[in-house]
Structures are given as structure tokens and as C-alpha cells.
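A short worksheet on the structure shown next.
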Amino acid sequence: MDELERAKRPTSKLAGPYGHPFHPVLVAVPIGAWVASVVFDLVALISTDEASGFAEGAYWLIGIGIIGALLAAVFGLMDLLAIPRGTKVFRTDLTHMTLNLTVVALFVISFAVRAAQGYEEASVAGFVLSLIAIAILSASGWLGGQLAYHYGVRVAAESTQREGYH
């Protein structure tokens, strides 16, 4: 089995079956939670009436995103371990992972800032941290797309894909 074929195979059954990795499925949880938290922050910050429910919602969405991201990271690491070291795709994946860990750290800081000042109140500092994190997350997501759609990491081989076109 060559390096490309090895990168398409799971390192463990826990990583997901061939052609169906779990990491891309799991990242929907933190991405959705964090994007929703930014929307909740916007409502809490611009609302003239009592919007503490939205500020508190943003806080808990960030917490849910952190937990989801840590779970997704475990499965992403399993996929990374299938990639041959010293290759362009490995370096791309390391950058993807580093950006994602930076995003998680920023959301952990945002969560802590909100907890310290009272999560029932809108937090400008927390909102700014979230916006920075979402911008970095967008860049990391683009790299994740490169890994799957350009380099074919954990994607079924083209011979398998061709079966669907007969």
C-alpha cells in the first residue's frame, strides 16, 4: 500500500470506516455552536431591552463548542496519524490543527472572560475574542477542505468513487 492509499485508510475503527471519517461530522457541533454564539452576542449587544438571555445563551453555546471541538480534535488527530510525515499534506494538516487549537484557546479565554464578568451580561471583550476566533476558524476550515477535497485525506480512492458513476 503506497503513502496515498495509507492516508485514505483509518488508523483505527474509532476514526470511522473507510471513506467515512468521523472528524468532518463532529466539527459541525463546535462550528454551529460558535457561529450561533456570535449571533446571540450581536442580539445581546444591540438590543435595547432585556437581552441577558442571549448573553447567557452565547456563553453556553461557547461551552458546548469547546466540548465538541475537543471531541472532534481526537478524531482529527487519528486522521493526522495516517498521513506520511514530511509531506506537504502533513504540513497542511499540522497548520490546520494549530489553527484549530488556537481557536479553541480563544474560545476558552472568551468563556473565562464571560464567567468572570457575569455571563448574564453582554461582553464586548468576549464578542471580540469570538470574532477573532471565527476568522481563524474560517482559515482552518479552508485548510480542512484542502485536506479532504484537494489532497483526498480519508476520502475513498477514485476507483471506489467511480463505482457510483456506473
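Would you check which residues across region 112-166 are over 30 Å from LEU80 (Cα atoms), of a type outside the set (S, T, N, Q) and touching a helix residue (DSSP H, G or I) at 6+ places or on another chain (Cβ under 6 Å) and list them? VAL113, ARG114, TYR119, GLU120, GLU121, ALA122, ALA125, GLY126, PHE127, listed by residue number. Candidates are the residues of region 41-72 that are among the charged types (D, E, K, R) and surrounded by 18 or more Cβ atoms within 10 Å (Cβ to Cβ); the one that is nearest to the chain's Cα centre (by Cα) is ASP41.
Does PHE75 satisfy the condition of being open to solvent by 20 Å² or more (accessible area, probe 1.4 Å), touching a residue at least 40 places away in the same chain (Cβ under 8 Å) and in a helix (DSSP H, G or I)? So PHE75 passes the test.
Test PHE127 against the criterion of being touching a Leu at 6+ places or on another chain (Cβ under 7 Å), farther than 20 Å from PRO21 by Cα, open to solvent by 50 Å² or more (accessible area, probe 1.4 Å) and among the aromatic types (Phe, Trp, Tyr), and give yes or no. Give the steps one after another, and end with the answer.
Values: touching a Leu at 6+ places or on another chain (Cβ under 7 Å): yes; farther than 20 Å from PRO21 by Cα: yes; open to solvent by 50 Å² or more (accessible area, probe 1.4 Å): no; among the aromatic types (Phe, Trp, Tyr): yes.
Considered against the rule, which asks whether it is touching a Leu at 6+ places or on another chain (Cβ under 7 Å), farther than 20 Å from PRO21 by Cα, open to solvent by 50 Å² or more (accessible area, probe 1.4 Å) and among the aromatic types (Phe, Trp, Tyr), PHE127 comes out as no.
Which one is most open to solvent (accessible area, probe 1.4 Å) among residues in region 78-102 that are aliphatic (A, V, I, L, M) and touching a residue at least 40 places away in the same chain (Cβ under 8 Å)? Outline the logic, then answer.
Of region 78-102, the ones aliphatic (A, V, I, L, M) are 78, 80-83, 89, 94, 97, 99, 101.
Now restrict to residues that are touching a residue at least 40 places away in the same chain (Cβ under 8 Å): 78, 81-83, 89, 99.
On the way: MET78: 30, LEU81: 95, ALA82: 11, ILE83: 2, VAL89: 23, LEU99: 45 Å².
So, considering only residues that are aliphatic (A, V, I, L, M) and touching a residue at least 40 places away in the same chain (Cβ under 8 Å), the one most open to solvent (accessible area, probe 1.4 Å) is LEU81.
Scanning region 123-166 for residues that are modelled with pLDDT of 90 or more and either over 20 Å from THR98 (Cα atoms) or touching a strand residue (DSSP E or B) at 6+ places or on another chain (Cβ under 6 Å) (or both) turns up SER123, VAL124, ALA125, GLY126, PHE127, VAL128. Only one of the numbered conditions (1) surrounded by fewer than 19 Cβ atoms within 10 Å (Cβ to Cβ); (2) under 30 Å from TRP60 (Cβ atoms) is not met by GLY164, and that is (2). Taken together, the residues in region 109-151 that are closer than 24 Å to THR48 by Cα, part of a helix (DSSP H, G or I) and polar (S, T, N, Q) amount to 3.
Within region 111-121, is even one residue within 19 Å of ARG154 (Cβ to Cβ) and of a type outside the set (A, V, I, L, M, F, W, C)? Within region 111-121, none of the residues are within 19 Å of ARG154 (Cβ to Cβ) and of a type outside the set (A, V, I, L, M, F, W, C). Filtered by the rule that a residue be small (Gly, Ala, Ser) and farther than 30 Å from GLU5 by Cβ, region 60-119 gives GLY63, GLY65, GLY68, ALA105, SER110, ALA112, ALA115, ALA116, GLY118.
Any residue that is closer than 15 Å to ALA69 by Cβ and either loosely packed, with under 14 Cβ neighbours inside 10 Å or modelled with pLDDT of 95 or more (or both) - is there at least one of those in region 110-121?
yes
The values are calculated or read from the model by the stated rules, or taken from the named source; none is laboratory data. Keep in mind that this is a model prediction, so the values were computed, not measured. As a convention, Cβ positions derive from the backbone with ideal geometry for all residues, glycine included, and neighbour counts pool all protein chains shown. Surface areas here come from the heavy atoms of the whole protein model, side chains and all, with no ligands, DNA or RNA. Shrake-Rupley method; radii C 1.70, N 1.55, O 1.52, S 1.80 Å.
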